[in-house]
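Below is one structure, written out as structure tokens, with a few remarks after it.
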Amino acid sequence: MPPVVAPATAPLTAVPATVRVFILDDHEVVRRGVRDLLEAEDGIEVVGEAADAREALARVPAARPDVAVLDVRLGDDRGGDHAGIEVCRELRAAMPELACLMLTSFDDDEALFDAIMAGAAGYVLKQINGADLVAAVHTVASGTSMLDPRTTSRVMARLRGPRTGAHGGPVATRKPAPSELDALAPRERQILDLIGEGLTNREIADRLCLAEKTVKNRISSILAKLGVGRRVQAAVIAGRVRAREAAPGYGTDRPRP
């Protein structure tokens, strides 16, 4: 999976003059390589690194980076095969302004889904070339997601299909109650559906005959009401609700008014 960048939209935040980066990877050679690559670029400063989850969670808050480059799989037991995603989840909860860029050797839809729900701003393979990695750091530092409509579609397809466990049986998934979307106004539901289709703010504005600034404000309201920080997370929640509502027998056991 090559790195994917969302269609051009107005950045959510101003790009800092110098992007401060923290690196988490359990392989020293990888950490050194990423550090040397980034530090060779003007406008990027590596402010710290860690080899495991515990070290990262202790050091990142003090380093105050703009971007954390996190290996998905770490050598420690924390979080299992996706320990780096658990670090992302904890860091985003403590530092909502932090952009997390997940770095992995494996094209894994399960990890991609978990990374999105953990609040990651981007997901790239370690086969990425140096120039693209630098561009990825600047992209997520600006507040722009590196998850394009094709990536979102993969996640939505995964939500619609049954999940299977190690023995081939279904795995229970967490399904948000339909009431999660009840707080949204009808226009906000429309906008959320269009986000799920991968439309940009400008395209949504054109589709609904609204000002682009109005769309941006509505999206901010949607994220706040759903309690998430990124539009892709909101689209995933909406996809879960739609999948539940479309399931056979949905609503038959609900009490009648």
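Read-outs: derived from the displayed coordinates by stated rules, not from any lab. Predicted model only: the values in this text are computed from it and were never measured. Please note: Cβ atoms are built from the backbone with ideal geometry, for glycine as well, and neighbour counts cover all protein chains shown.
Of note:
- Listed peptides 22-34, 126-138 by packing density, highest first (mean Cβ within 10 Å): 22-34, 126-138
- The listed peptides 85-95, 45-55, 207-217, ordered by packing as a protection proxy, come out as 85-95, 45-55, 207-217 (highest mean of other Cβ atoms within 10 Å first).
- Placing a label point 7 Å from the Cα of Met95 along the Cα-to-Cβ line, the residues of the stretch 110-138 whose backbone N sits under 20 Å from it are 115-124, 134-138.
- The length gained on full extension between Arg189 and Arg64, counted as 0.36 nm times the residue separation minus their Cα-Cα distance, comes to 41.5 nm.
- Counting 0.36 nm for each residue step from Ala211 to Asp182 and taking away their Cα separation leaves a gain of 8.0 nm.
- Computed label-point distance, nm, for sites His27 and Asn129 using a 7 Å Cα→Cβ extension: 2.0 nm
- Theoretical gain in end-to-end length, Glu41 to Glu203 [0.36 nm per residue, Cα-Cα removed]: 54.9 nm
- Approximating the spin labels as points 7 Å out from Cα along Cα→Cβ, the Leu223-to-Glu110 distance works out to 3.0 nm.
- Amide H contacts of Glu49 (H built 1.01 Å from N, in plane; Pro and chain starts excluded): Ile23 sit under 5 Å, all sequence-distant by 5 or more or on other chains.
- Dipole in debye (nearest 20) - the stretch 39-118, about Cα centre, beta carbon charges: Lys, Arg +1; Asp, Glu -1: 400 debye
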